[in-house]
Amino acid sequence: MAETMGKIVQNLSSAQCCQQTRQFGSQYQRDQYAQFKNNSLLFQRRKLTWTGISAMQLHNMSNISQRVVYCNASPSATAVPSLEKVDFLKLQNGSDIRGVAVDGVAGEPINLTEPVTQAIAAAFAAWLLDKKKADSSKRLKISIGHDSRISAQKLQDAASRGIAGADFDVVLYGLASTPAMFNSTLTNNVSFLCPVDGAIMITASHLPYNRNGFKFFTNAGGLGKADIKDILERAANIYNGFTPEYFKEAERKASLSISKVDYMSVYASDLVAAVRKASGNIEKPLEGFHIIVDAGNGAGGFFAGKVLEPLGAITSGSQFLEPDGLFPNHIPNPEDKVAMKAITQAVLDNKADLGIIFDTDVDRSAAVDSTGREFNRNRLIALMSAIVLEEHPGTTIVTDSVTSDGLTTFIEKKLGGKHHRFKRGYKNVIDEAIRLNSVGEESHLAIETSGHGALKENHWLDDGAYLMVKLLNKLASARASGQTGGSKVLTDLVDELQEPGVAVELRLKIDQNHPDLKGGSFREYGEAVLKHLENKSESDSKLQKAPVNYEGVRVSGYGGWFLLRLSLHDPVLPLNIEAPSNEDAVKLGLAVLSAVNEFSALDVSALVKFVQQ
Ligand SMILES: O=P(O)(O)OC[C@H]1O[C@H](O)[C@H](O)[C@@H](O)[C@@H]1O
């Protein structure tokens with residue numbers, strides 16, 4: 001059995017990527033597949049063989065497996081790799097690590113190799129050991145999960161060697177969601193080897209198939225920027241000290257310390273229990289509801305079979321539940337228009353009550369009501385605020401900076417709450433909500449327009465599945481109190497949200513090699529652009545600077561507003577404009593353009609196009 005499970009883990013990514021019969025509807029899909037075909041040659045060279053087991057068969061097999069399987073088959077490095085020089089700090093992406101794990105995209109060489117991964121995992125173990133010094137007598141364990149990416153298995157194997165080499169136990173969850181990984185540090189269940197001391201999620205969220213990365217958790221939550229920097233610095237040292245003996249020894253230790261657990265079943269059953277509890281302990285509180293899931297071929301497919309069906313919902317018409325790291329149907333991203341159109345169409349075609357869509361690693365989500373009305377961005381925040389403010393009257397809702405003025409009016413005037421519009425970035429909003437509570441301002445919800453949302457009642461974990469559970473609770477309790485009308489109970493909650501006639505986001509790139517930067521960083525340049533825009537706006541009588549603002553330059557005028565800010569990660573100034581009409585939006589666009597036009601390293605072509613429409 002142990003050997004079989006070792007094989008299953010080994011073959012998972014080949015199974016996901018070797019489906020031969022594909023039909024591609026768009027150029028995006030054809031491009032992805034062409035790139036994949038090149039990559040599959042690489043896979044063959046690395047001797048990952050295709051055994052003919054489909055991803056769904058694997059899924060079914062894992063369902064009948066024992067809870068804990070000890071894998072004696074070690075993840076093999078096959079040969080001692082030759083090491084290239086690596087700038088580890090370049091792999092930091094805020095509070096995540098991101099890199100290129102698969103060849104095939106021009107101009108994007110691999111920088112997340114197996115040795116780099118092994119060093120990063122060993123560095124996380126070392127970091128964790130420092131944090132847990134108090135009980136260092138016990139052997140620590142780290143869980144590893146991954147999304148559906150085609151590089152998942154090789155990175156999982158390398159991470160396992162890194163952790164085992166540091167004398168930790170490794171618990172493999174296979175295909176998992178990011179929030180489940182955090183949850184595994186909290187769950188008390190020895191037969192599933194929980195709680196673990198630390199958890200690693202291998203994911204690059206919605207990014208293209210060639211990327212991958214890591215998120216790290218302890219029972220205190222996700223690691224922040226400073227911790228990630230610390231881990232990457234440790235990883236660079238570990239990497240520089242690698243020797244052939246080290247690799248051999250890590251491989252030997254890995255063969256002794258890896259177990260496999262079906263943790264997603266534990267996590268899913270917690271979600272099921274939460275909905276049952278909210279409905280007054282009804283076994284099937286969603287009986288009769290037709291709810292469609294679109295997992296975008298990421299890790300969220302479990303939600304249909306392991307959450308909705310046990311609660312009694314019909315899930316027929318659900319789509320893209322099978323993991324496929326080439327994402328052949330649409331990008332798994334609730335912010336993506338094509339993705340939202342796909343779930344909306346599925347709801348309408350199937351005359352379903354509700355549609356639910358997740359991003360690749362299920363930390364983000366959105367929904368669609370039975371009429372095809374989308375609950376994403378400001379509307380999802382409004383809906384979640386309505387639910388949370390019913391439970392906690394007057395509480396503060398923390399959001400990111402690009403939320404609309406209509407949302408503020410809705411939260412404050414209609415719902416009687418307080419809207420704290422903070423900065424972009426899921427970690428920023430979560431940390432701010434935690435800070436507010438610590439200084440005596442009650443907050444129960446931190447949520448971004450991107451679909452990241454975290455509740456105090458759920459350990460401030462940003463969990464797309466849990467957000468959807470809150471919607472299900474509402475459906476179930478409405479049903480229990482005799483209301484009919486399906487998802488109308490949700491739609492009614494946001495019917496007074498004022499929405500702008502026009503809402504756009506334009507992303508203006510800074511050319512980092514442009515002489516106008518005069519050798520400075522793109523951040524300094526971006527700050528100079530923002531300062532200039534702020535000064536110009538102050539001298540324009542038709543514009544008013546937002547009295548409270550935590551990021552970039554936010555200005556009202558012409559019945560709407562704009563926000564220009566620096567991207568969290570990229571050399572980009574994202575510009576959001578919302579206005580009652582196109583004409584007003586163009587006036588706001590022109591006000592920005594007249595201020596930023598003289599910055600020759602800034603690509604304003606998207607803005608020029610917008611104002612000329
Ligand atoms: O600043 P931007 O480029 O718009 O990116 C902002 C986004 O970055 C990442 O994807 C984070 O996970 C999100 O929480 C954040 O909203």
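Just so you know, all these numbers are worked out from the coordinates, no wet-lab data involved. Source: prediction; values computed, not measured. As a convention, Cβ positions derive from the backbone with ideal geometry for all residues, glycine included, and neighbour counts pool all protein chains shown.
So the values come out like this:
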| read-out | value |
| --- | --- |
| Stokes-Einstein D in µm²/s, Kirkwood radius over Cα pairs - segment 127-262 at 20 °C with 1.002 mPa s viscosity | 140 µm²/s |
| Amide H contacts of Leu508 (H built 1.01 Å from N, under 5 Å, at least 5 apart or other chain) | Leu573, Leu575 |
| Alpha carbon centroid spacing (whole Å) that separates segment 509-524 from segment 456-501 | 45 Å |
| For segment 492-613: relative contact order, % (alpha-carbon pairs under 8 angstrom, 6 or more apart) | 34 percent |
| Charge-dipole axis of the chain as Lys and Arg at +1 and Asp and Glu at -1 on Cβ define it, positive-most pick from Ile150, Gln498, Gly94 | Ile150 |
| Peptides ranked, highest mean first, by Cβ atoms within 10 Å: ranges 321-331, 295-305 | 295-305, 321-331 |
| Bins of 5 Å, starting at 0 and running to the largest distance - Cα pair percent for segment 481-554 | 3, 11, 13, 13, 14, 11, 9, 6, 7, 6, 5, 2, 1, 0 |
| Pairwise Cα inverse-distance average, inverted: Kirkwood Rh of segment 355-422 (Å) | 12.6 Å |
| Helix-only [θ]222 nm of the chain, DSSP H runs n ≥ 4, -39500 (n - 2.57) each, per residue, nearest 500 | -12500 deg cm²/dmol |
| Rounded, prolate or oblate (a/c below 1.5 giving rounded, otherwise prolate when a/b exceeds b/c) for segment 398-503 by Cα gyration tensor | oblate |
| Dipole of segment 321-459, positive end: most advanced residue of Ala346, Leu445, Pro323 [Cβ charges, Cα centre] | Leu445 |
| Residues whose placed amide H lies under 5 Å from that of His444, excluding near-sequence neighbours | Thr396 |
| Shape category assigned to segment 105-206 from the gyration tensor of Cα positions, a/c cut at 1.5 | oblate |
| Label-point gap, in nm, between Glu442 and Ser316 - each point 7 angstrom along Cα→Cβ | 4.6 nm |
| Residue-span extension gain [Val338 to Ala106] - 0.36 nm each, minus C-alpha spacing | 81.1 nm |
| Simple Cβ-charge dipole of the chain, Lys/Arg +1 and Asp/Glu -1, about Cα centre, in debye nearest 20 | 940 debye |
| Long-range amide H partners of Cys194 with built H, under 5 Å | Asn189 |
| Extreme residue, positive dipole direction of segment 224-354, given options Pro285, Leu271, Gly305 (C-beta unit charges) | Leu271 |
| Rel. contact order, % - alpha carbon contacts under 8 angstrom, at least six apart, the chain | 11 percent |
| Percent of C-alpha pairs per 5 Å bin, segment 416-462, short to long | 5, 24, 35, 25, 10, 1 |
| Cβ-Cβ FRET estimate between Ser605 and Leu83, R0 fixed at 60 Å, reported to 0.05 | 0.90 |
| Relative contact order for segment 104-177, counting Cα pairs under 8 Å that sit 6 or more residues apart, in percent | 42 percent |
| Cα-based reach from Lys341 at 15 Å (exclusive), listing aspartates and glutamates while leaving out same-chain residues under 8 positions away | Asp294, Asp349, Asp359, Asp369, Glu374 |
| Whole-Å distance, taken between Cα centres, linking segment 348-383 and segment 541-600 | 28 Å |
| For peptides 257-270, 216-229, 168-181, 520-533, sequence by mean Cβ density within 10 Å, most packed first | 168-181, 257-270, 216-229, 520-533 |
| Kirkwood hydrodynamic radius over Cα pairs of segment 476-605, then Stokes diffusion coefficient at 25 °C and 0.890 mPa s, in µm²/s | 147 µm²/s |
| Alpha-carbon gyration tensor eigenvalues x 5, square-rooted, for segment 284-357, Å | 21, 14, 8 |
| Estimated dipole of segment 352-400 in Debye, rounded to 20 [Cβ of Lys and Arg +1, of Asp and Glu -1, Cα centre] | 180 debye |
| Segment 197-334, dipole about Cα centre (Lys/Arg Cβ +1, Asp/Glu Cβ -1), debye to the nearest 20 | 200 debye |
| Segments 188-196, 383-391 sorted - mean Cβ within 10 Å per residue, highest first | 383-391, 188-196 |
| For segment 537-552, 3J(HN,Hα) per residue [Karplus equation, 6.51 cos²θ - 1.76 cosθ + 1.60, θ = phi - 60°, Hz, x = Gly/Pro] | 5, 5, 8, 9, 5, 8, 10, 10, 5, 4, x, 10, 7, 10, 7, x |
| Entries in Lys90/Lys423; Lys229/Lys260; Lys90/Lys427 that, when Cα-Cα distance is taken, lie over 26 Å | Lys229/Lys260 |
| The chain - Rg over Rh from alpha carbon coordinates, Kirkwood radius | 0.96 |
| Cα gyration tensor shape for segment 191-317, rounded if a/c is under 1.5, else prolate or oblate | prolate |
